[in-house]
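Engineer: Mind looking over this structure? Questions follow.
The values are calculated or read from the model by the stated rules, or taken from the named source; none is laboratory data. Everything numeric in this text was worked out from a predicted model, so none of it was measured. Every residue, glycine as well, gets a Cβ built from its backbone with ideal geometry; the counts of neighbours run over all protein chains shown.
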Amino acid sequence: MPAIRWQVFQRDNWKCVSCGRTAGDNIVLHVDHIIPRSKGGKNALENYQTLCNLCNLGKSNKDMTNLRQKK
């Protein structure tokens, strides 16, 4: 996943697609499954999004819509 990780960060402009925070805001960015693997989500670029640690923690394994498309 390391190569895909960089692709996701670059595609999402290195910011959380939920709240807009960036690594410069003193947070950690995560690559998150839009549809969790526990619910059948795939390891594919289109199923990943960038979330900050706070938004990712709040999401847990909930099945959320693609937050990138809402922006």
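Engineer: Tally time: how many residues in the stretch 12-35 are within 11 Å of the chain's Cα centre (by Cα), closer than 10 Å to Thr50 by Cβ and not in a loop (DSSP other than H, G, I, E, B)?
Structural biologist: Looking only at that region, the number is 5.
To keep it simple, each residue is scored yes or no on (1) polar (S, T, N, Q); (2) modelled with pLDDT under 95.
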{"residue": "Asp25", "(1), (2)": "no, yes"}
{"residue": "Val28", "(1), (2)": "no, no"}
{"residue": "His33", "(1), (2)": "no, yes"}
{"residue": "Lys39", "(1), (2)": "no, yes"}
{"residue": "Asn47", "(1), (2)": "yes, no"}
{"residue": "Leu51", "(1), (2)": "no, no"}
{"residue": "Leu54", "(1), (2)": "no, yes"}
{"residue": "Lys59", "(1), (2)": "no, yes"}
{"residue": "Asp63", "(1), (2)": "no, yes"}
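Engineer: Right, another one. Pairs needed: first member in the stretch 9-20, small (Gly, Ala, Ser); second member anywhere, surrounded by 13 or more Cβ atoms within 10 Å (Cβ to Cβ); C-beta distance under 6 Å; at least 6 residues apart or different chains.
Structural biologist: Ser18/Leu51; Ser18/Cys55; Ser18/Leu67
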